[in-house]
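Structure first, commentary second.
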Amino acid sequence: MDEQLADLVFEGGGVKGIGLAGAFAQLEQRGYRPRCVAGTSAGAITAALVAAGYTGQELVKAVEEMPFEQFCDEPRLHLLGPIAEVAELLSKRGLHSGNFFLQWMREMLAAKGKRTFGDLRNPAAPDNAKQQHLLQVIASDLTEHSMLVLPRDAQLLGIEPDDLEAEGAEDLDAEATGDLEAGELDENPGLGGDDAFDETAETEDSEEEDG
């Protein structure tokens, strides 16, 4: 079967993200190979691993071995009871620190020799702003109420695109669900965005039509 290149976009949706590994494995079996990938929320996790070089079967194995229960780090104030947890949710905009998830993503990417978006540059399109990197993460800036496409919008956060850690982008993107605590980058609280997917797809299409 001839190999076919495809740009892939992985939608968010919490636990639905588990099925993306199987979907990608099926695409591989049918002769498709990823060119550039993008994703939001749970889909950003899959997209990052695909961009790093994981095969469909490796993704399926990762899902089967994924320590889901450990992703829910204990809230810092959990020993003080539910009221303290609600206070933490309101102040931190999330219940869990996300430290375990961040470390898990870091190790998964490191296993393929990847760390920053600079490691995910696209050699086939070095001068194309939209395709300079193999991975793009769709996120929402909760402070500015705006959509971001990382890494190309990383400079809005005071970071050079190539210097942005790929696992950090996945961690930030997960925060909008309210499960992980919102972090801060140059006074911009956490990023995330299950709802940014459709808007982003429309924006990309409009830009292509205009261009």
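Just one of (1) part of a strand (DSSP E or B); (2) in contact with a Phe, Trp or Tyr (Cβ under 6 Å, 6 or more places away or on another chain); (3) buried (at least 17 other Cβ atoms within 10 Å of the Cβ) trips up Gly43, so point out which.
Every condition holds for Gly43 apart from (1).
Give the number of residues within region 122-160 that are in contact with a strand residue (DSSP E or B) (Cβ under 9 Å, 6 or more places away or on another chain) and either in a loop (DSSP other than H, G, I, E, B) or not small (Gly, Ala, Ser) (or both).
Of the residues in region 122-160, 27 are in contact with a strand residue (DSSP E or B) (Cβ under 9 Å, 6 or more places away or on another chain) and either in a loop (DSSP other than H, G, I, E, B) or not small (Gly, Ala, Ser) (or both).
What number of residues within region 46-62 are over 14 Å from the mean Cα position of the chain (by Cα) and either of a type in the set (Gly, Ala, Ser) or open to solvent by less than 20 Å² (accessible area, probe 1.4 Å) (or both)?
Of the residues in region 46-62, 4 are over 14 Å from the mean Cα position of the chain (by Cα) and either of a type in the set (Gly, Ala, Ser) or open to solvent by less than 20 Å² (accessible area, probe 1.4 Å) (or both).
Hey, does region 44-58 have a residue that's over 15 Å from Glu107 (Cα atoms), out of contact with any Ser or Thr (no Cβ under 9 Å at 6 or more places or on another chain) and of a type in the set (Asp, Glu)?
no
Restricting to region 113-142, give me the number of residues that are closer than 16 Å to Glu167 by Cα and surrounded by 14 or more Cβ atoms within 10 Å (Cβ to Cβ).
15
Looking at region 46-70, which of its residues are without any contact (Cβ under 8 Å) to a residue 24 or more places away in the chain and in a helix (DSSP H, G or I)?
Answer for region 46-70, where residues must be without any contact (Cβ under 8 Å) to a residue 24 or more places away in the chain and in a helix (DSSP H, G or I): Glu58, Lys61, Glu64, Phe68, Glu69.
The values are calculated or read from the model by the stated rules, or taken from the named source; none is laboratory data. Keep in mind that this is a model prediction, so the values were computed, not measured. For neighbour counting, all protein chains shown are included, and Cβ atoms are generated from backbone atoms with ideal geometry for every residue, glycine included. The area values use the complete protein model at the heavy-atom level, side chains included, leaving out ligands, DNA and RNA. Shrake-Rupley method; radii C 1.70, N 1.55, O 1.52, S 1.80 Å.
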